[in-house]
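Shown next, in structure tokens, is the structure this report addresses.
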Amino acid sequence: MSLKKSFMAAFAIVVLACVVPVGKAEPQGRQIRLLLSPGTNVDPVEIIKHLSQKCPNVVITHNRNPKASDYLLDARWAGDYRFQVVAHGGDTIYVTETALLSNSVKDVCKFLNSRPAPGAPPQTY
């Protein structure tokens, strides 16, 4: 390979490395607000850290006003991580149990991002 072709290939790699972010989660559409349950015994800082990596559009709010959050998250450690998502009105709509905190957060993120926005009209089939 000629020196000119080698230089062009290296230049293209450097340009792509600067333009294409690798491994960074981008916000997915709408912001979703979770209120942590008072009974949560998992470190909130660790939950927030994993949320920011897995789905930056999901945030933890400390505002106890029911209208300030979309869902309640009850996160417990009892030999495994047990996460429960509760809708307004008190209905449990999702649960997951995993050995790793990152997997519980990933599962919750996937579930929340697959749902229509709270208050949106129901989907018709």
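Readers should treat all values here as calculations from the given coordinates under stated rules, not as data from a laboratory. Nothing here was measured: the structure is a model prediction, and the numbers come from that model. We place every Cβ from the backbone using ideal geometry, glycine too, and count neighbours over all the protein chains shown.
Could you grab me the full set of residues in the range 96-114 that are under 15 Å from the mean Cα position of the chain (by Cα), surrounded by fewer than 18 Cβ atoms within 10 Å (Cβ to Cβ) and among the charged types (D, E, K, R)?
Within the range 96-114, just Lys110 meets the criteria.
Within the range 33-77, restricting attention to residues that are within 22 Å of Arg115 (Cα to Cα) and of a type in the set (D, E, K, R), which residue is nearest to the chain's Cα centre (by Cα)?
Taking the candidates together, the pick is Lys54.
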